[in-house]
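Bear in mind that the values in this text are calculations on the coordinates, not laboratory data. As the structure is a prediction and not an experimental result, all values here were calculated from the model. Positions of Cβ are generated from backbone atoms using ideal geometry, with glycine treated the same way; all protein chains shown enter the neighbour counts.
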């Protein structure tokens with residue numbers, strides 16, 4: 001499952017655990033706005049995150 005997020009603090013890397021409401025993800029892959037897989041996302045960067053067990057609410 002993919003969800004688009006905006007990094008608000010720090011960095012986001014593969015393996016990081018995310019919590020969004022009742023949804024949990026271990027980041028398996030990050031994709032930039034062009035759909036290219038990247039290693040890390042930094043402040044104010046919109047990215048697609050794969051690895052969600054259930055997608056977070058919009």
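Work out how much length residue 39 to residue 17 would gain on full extension: take 0.36 nm times their residue separation and subtract the Cα-Cα distance, in nm to one decimal.
Numbers: separation 22, 0.36 × 22 = 7.92 nm, distance 1.50 nm.
So the chain would gain 6.4 nm between residue 39 and residue 17.
Taking other C-beta atoms within 10 angstrom as a stand-in for reagent exposure, 17, 5 fall in the order 17, 5, fewest first.
Label zone of residue 8 (point 7 Å out along Cα→Cβ, amide N under 18 Å): in segment 16-38 this covers 17-25. The structure-derived value of P(r) over Cα pairs in 5 Å bins from 0, in percent appears in the list (1) 4, 16, 19, 14, 10, 11, 12, 10, 3, 0; (2) 4, 20, 26, 19, 13, 9, 6, 2, 1; (3) 4, 22, 34, 27, 12, 1 under the label (3).
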